[in-house]
Amino acid sequence: MNPGEAYLLPRDSPLEQMATFAGVCGLVGFVVCGAMAVATPAAVAESYLFAFLFWSGIPLGSLAILMLQHITGGAWGAVLRRILEAATRTLPLLAILFLPILFSTGLLFEWARPEVVEHDLVLQHKRAYLNVPFFAFRAVLYFVVWIVLSHFLSEWSRRQDRAPESIGLRLENISRGGLLLFVLTMTFASIDWAMSLEPHWYSTMYGILFIGGQVLSALAFVIPVTAVLAARPPMLEVMTADRFQDLGKLLLAFVMVWAYFSFSQFLIIWSADLPEETPWYLRRLSQGWQWAAIALIILHFMLPFVLLLSRDLKRSRRWLMAVAAVVLAMRAIDLSWLVLPAFDRGGLLWVPSDFAAFLGVGGLWFYYYVRQLRSAPMLPLNDESLPEMRGLQP
Amino acid sequence: MADKKPTKGSKQKGAPVSAGAGSRSLSSHLPPVVEPGYTMATVADKISEVVLTQNTPRGWYIGLAFSFALTMLLLVSITWLLVRGVGIWGINVPVAWAFAIINFVWWIGIGHAGTLISAILLLLRQDWRTSINRFAEAMTLFAVACAGLYPLLHMGRPWLAYWLFPYPNTMGMWPQFRSPLVWDVFAVTTYLLVSLMFWYIGLIPDLATLRDRSPSRTGRIVYGLLAMGWRGSARHWHRYEMTYLLLAGLSTPLVVSVHTIVSFDFAVAQVPGWHATVFPPYFVAGAVYAGFAMVVILAIPLRRFYGLQDFVTMRHLDHMARIMLATGLFVAYGYMIETFMAWYSGSVYESSLMNNRFTGPYAILYWSLLLFNVLIPQGLWFARVRSSTTALFMIAISVSIGMWLERFIIVVVSLHRDFLPSSWGMYYPTFWDWSMYLGSIGLFFSLLFLFLRFLPMISIFEMRTLLPESEVKEDLG
């Protein structure tokens, strides 16, 4: 028997059942979206963009955490590695799921409508950057960079399972340049895909605020997955209370980072009160969106912040899973608050197509994610830090 | 008595590496934190010898004399400033903020490495911090002291500085709490007080060691008073560790908050070049960058002069170089995103500011900034550069110059050409601008030389916990 077999995802894992269910939801979601698109293509495109930006945040944030972990080390990394790698291996699927956005730029982006640009001097100035062919070229470039990085990170890590060679330094080296490339590409991707929805508005904080949010999404996603896996071997052996505490600390750190970035951007724009900057916040603080904003302050920051200060909570599998689930749900609200107020919806926050698109993209993505998780042992078998972690097991 | 039982930190040895702890993957291919061959006693000998010796090295006298002369220059400059007013500086409308603010931000940024090393790295259980934290904390205090001088003197009437505080008075005055300049008063004061407490509490067990070892009566009395009756009992250690951890927790937000508020001083304004939302994290990264550069600048000559290569090892320098590289890249990201957004904004003011930076009368400084702060530090990617003390020292100097230029670009270049071309102007530093700046460097080094002579520059008791013999064999099963 292959020694790695005991470490594969068990066939009867709850994740497998969830994946089947998610796959069905995904198909239904896509069919519903398709049907709605016949009547209201623009509304569906808007919903789809929001759903795509939320779900793509998980694998992209995972890519960032994975590389960060290869650079800094730490025992928490080895237990999370396969769970993160599986998320980054879904990037090819996301590249395909990006195609509908690429083909509906005219519906989504003002700068892609020649009749608007014609009467707008600022958009004419930006045409050198904001034009459909360059937008498409950049999107291809971003996905190539991310897919190549995730490919090497996960293939080298898997090769180590078969032959116990020390691959740590190689992974560390690719991660250094990789993280730099990731931050640059993701900054511009966030400008292209989200910030340019309101093409007059700009903020130098936007890129890292977006990346910070993605890392938080990824953490809030992998914590529940890890917690589910930790209910039985092999993850049961390594996911001690110490490991959960490490994950809880990370979650707390990124909740704070997100709040710090968001608040700084808000304070600076509020204080200067410039006519070219405030409309972005005015739209997000009126017509009902102010309730979403208040919910973000309370549930995206205050509640997880206060709860995660507790050592006992961080060490409890169930409680940490619950807090992470709240954060993940708030990540979805945050993304919808970032993206949807850009469109005129006549006072409605969320419309049915938002839910359909969210389920459609999310269902397919999760199905594919579990398939990736299944394709390799859940722990890096020959990692240097693994025996040590077991040694700490009481 | 304090000599015998240093237990602090030893139980952390068996503890798991926490989130973000980074030494594991690095430790495999890097030299150790303490070179082998030391015992509890020889560590104490080696470090306390610098303080307790009767023969002060001649180099120390020369260094102190030189820095003290510069401190005198500072005193002359301050006297002249109080006699004549801030008009002796080159400031005028439109550039009303210049050297005083640049130097304030520069010094306060330098202080950040000390706090990061002492608080965050302690909480992350990075034990390599032990041999550099003491003098890095001292550096923080002295840098904050230098920084604090400038806003006070810049006010023109420093004897009225207490007006900054909200206190009941008959003049009907109250600070404008919407202004980050007022937040600065509180942020910097808190920073100074917490850093001072942290540093002093960290010193107490070592002061007791010096008290017990001092050959002179005066030494025993002075160190004895400062040690506040430290006996090294288990109860003392227990309370000590509790206090130290609490203070570390208290200092951690300060690493971020102080420079965030300094960045708000600029960013809440409308002036192009000041008003950028990325400023808070970019300022914090710049502060840590400059701070580690200063620690490297101090550590490299110190370890050679006092023969401390076994305690401040190449591994420390390598770690600091990596932190410099990471924060430096973030600073470079700030320059990049500012330049891109200046174009992307389509705002004529933003883009003309950027043009002015690249091609205006101060363009040479902007290009030098890119050279010193972005290009030269890229050498840190290479292990060969990180393992050469000369190269590392040169890069750290380059970063210090670069970070000073960055503040010059932000403060002066943004101000000298704002919205109305009719009110544009130039700023040229005067003799008194330079004399204040050099004088504050003198003050910083004078304090540092006094610290080196009279207090242990490396924490004796914490160093002992890094020795193999202090390892506690706990039964983990």
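B:T79 versus A:A136, label points 7 Å from Cα toward the beta carbon: distance in nm?
Between B:T79 and A:A136, the label points sit 7.6 nm apart.
Ranked from highest to lowest mean number of other Cβ atoms within 10 Å per residue, what is the order of the peptides B:178-190, A:126-138?
In descending order of packing, they fall as B:178-190, A:126-138.
Quickly rank B:35-41, A:10-16 as a protection proxy: mean count of other C-beta atoms within 10 Å, highest first.
The densest-packed peptide leads the list: A:10-16, B:35-41.
Give the long-range amide H neighbours of B:V278: residues separated by 5 or more places, or on another chain, with amide H under 5 Å away, using H modelled in the peptide plane at 1.01 Å from N.
A:T204, A:M205
Provide the net charge surrounding A:W350, with neighbours chosen by a C-beta distance below 14 Å and charges set as Lys +1, Arg +1, Asp -1, Glu -1.
-2
Which ³J(HN,Hα) values, rounded to whole Hz and listed in residue order, are derived for region B:276-292 from phi using the Karplus coefficients 6.51, -1.76 and 1.60 in 6.51 cos²θ - 1.76 cosθ + 1.60 with θ = phi - 60°, glycine and proline given as x?
Ordered by residue, 3J(HN,Hα) equals 9, 5, 6, 3, x, x, 5, 5, 5, 4, x, 5, 5, 4, 5, x, 5 Hz.
Check A:T40: other-chain or 5+ apart residues with amide H under 5 Å from its amide H, H built from backbone geometry?
HN-HN under 5 Å from A:T40: empty list.
How much length would be gained if the chain were fully extended between B:L246 and B:M173, taking 0.36 nm per residue of separation minus their Cα-Cα distance, in nm to one decimal?
22.7 nm
Ranking request for peptides B:332-340, B:142-150, A:109-117: highest mean number of other beta-carbon atoms within 10 Å first, then the rest in descending order.
B:142-150, B:332-340, A:109-117
Under the Karplus relation 6.51 cos²θ - 1.76 cosθ + 1.60, θ = phi - 60°, what is the ordered set of whole-Hz ³J(HN,Hα) values for region B:109-120, x standing for Gly and Pro?
Result, ordered by residue: x, 4, x, 5, 5, x, 5, 4, 5, 6, 9, 5 Hz.
Per-residue Cβ counts within 10 Å, from other chains only, averaged over B:274-286: what number is that? Please list the in-between numbers first.
On the way: counts 2, 7, 4, 16, 11, 5, 8, 8, 3, 0, 1, 0, 0.
If you average over the peptide's residues, the count of other-chain Cβ atoms is 5.
Please compute the Cα-Cα pair-distance distribution of the protein assembly as shown with 10 Å bins starting at 0, giving whole percents from short to long.
Percent of Cα pairs in each bin: 2, 11, 21, 24, 20, 14, 6, 2, 0, 0.
How many nm separate the modelled label positions at A:I96 and B:V222, each set 7 Å beyond the Cα in the direction of the Cβ?
7.7 nm
Got a sec? How would A:M239, A:M205, B:M171, B:M228 order by Cβ neighbour count within 10 Å, fewest to most?
B:M171, B:M228, A:M239, A:M205
Is region B:188-276 rounded, prolate or oblate when judged by the Cα gyration tensor, a ≥ b ≥ c being the square roots of its eigenvalues, rounded requiring a/c under 1.5 and prolate requiring a/b larger than b/c?
prolate
If each residue's Cβ is checked for other Cβ atoms within 10 Å, how do A:V122, A:V44 rank with the fewest at the top?
If I rank by nearby Cβ atoms, fewest first, I get A:V122, A:V44.
Each residue of region B:132-143 in order: what ³J(HN,Hα) in whole Hz does its phi give by Karplus 6.51 cos²θ - 1.76 cosθ + 1.60, θ = phi - 60°, with x for Gly and Pro?
Karplus-based 3J(HN,Hα) across region B:132-143 equals 10, 5, 4, 6, 5, 5, 4, 4, 4, 4, 5, 5 Hz.
Relative to the first principal axis of the alpha-carbon coordinates of chain A, what is the inclination of helix A:14-39, with its axis defined by its Cα atoms, in degrees from 0 to 90 and to the nearest 10?
10 degrees
Over all distinct Cα pairs, what is the inverse of the mean 1/r for region A:14-384, reported as the Kirkwood hydrodynamic radius in Å?
It is 21.3 Å.
Before rounding to the nearest 500, sum -39500 (n - 2.57) across all DSSP H runs of length at least 4 in chain B and divide by the residue total; then give [θ] at 222 nm in deg cm²/dmol.
Result for chain B: -21000 deg cm²/dmol, rounded to the nearest 500.
Once both axes come from the Cα atoms, what is the angle between helix A:41-72 and the longest principal axis of chain A, in degrees from 0 to 90, rounded to 10?
The helix A:41-72 is inclined about 40 degrees to chain A.
Per residue of chain A, what 222 nm ellipticity follows from adding -39500 (n - 2.57) for every DSSP H run with n ≥ 4, rounded to the nearest 500?
Dividing the helical sum by the residues of chain A leaves -24500 deg cm²/dmol.
Mind sorting A:I174, B:I101, B:I221 by how few other Cβ atoms lie within 10 Å of their own Cβ, fewest first?
Taking fewest neighbouring Cβ atoms as first place, the list is B:I221, A:I174, B:I101.
What does the structure give for B:257-266 when I average, per residue, the other chain Cβ atoms found within 10 Å of the residue Cβ? Provide the component values of the computation, followed by the final result.
Values: counts 1, 0, 0, 4, 0, 0, 2, 4, 0, 1.
What the average comes to for B:257-266 is 1.
For helix A:75-88, report the angle its Cα long axis makes with the longest principal axis of the Cα atoms of chain A; keep it between 0 and 90° and round to the nearest 10°.
Its long axis makes an angle of about 50 degrees.
Could you please report the charge total around A:L252, scoring K, R as +1 and D, E as -1 over all other residues with beta-carbon less than 12 angstrom from its beta-carbon?
With Lys, Arg at +1 and Asp, Glu at -1, the neighbours total +2.
Peptide A:180-191: average number of partner chain Cβ atoms within 10 Å per residue?
Working: counts 4, 0, 0, 3, 3, 0, 0, 4, 2, 0, 0, 4.
Going residue by residue through A:180-191 and averaging, the value is 2.
Laboratory data are not the source of any read-out in this text; all were calculated from the coordinates shown. Bear in mind that the values here come from a model prediction, so they are computed numbers and not experimental data. Glycine gets a Cβ as well: all are built from the backbone with ideal geometry, and neighbour counts include every protein chain shown.
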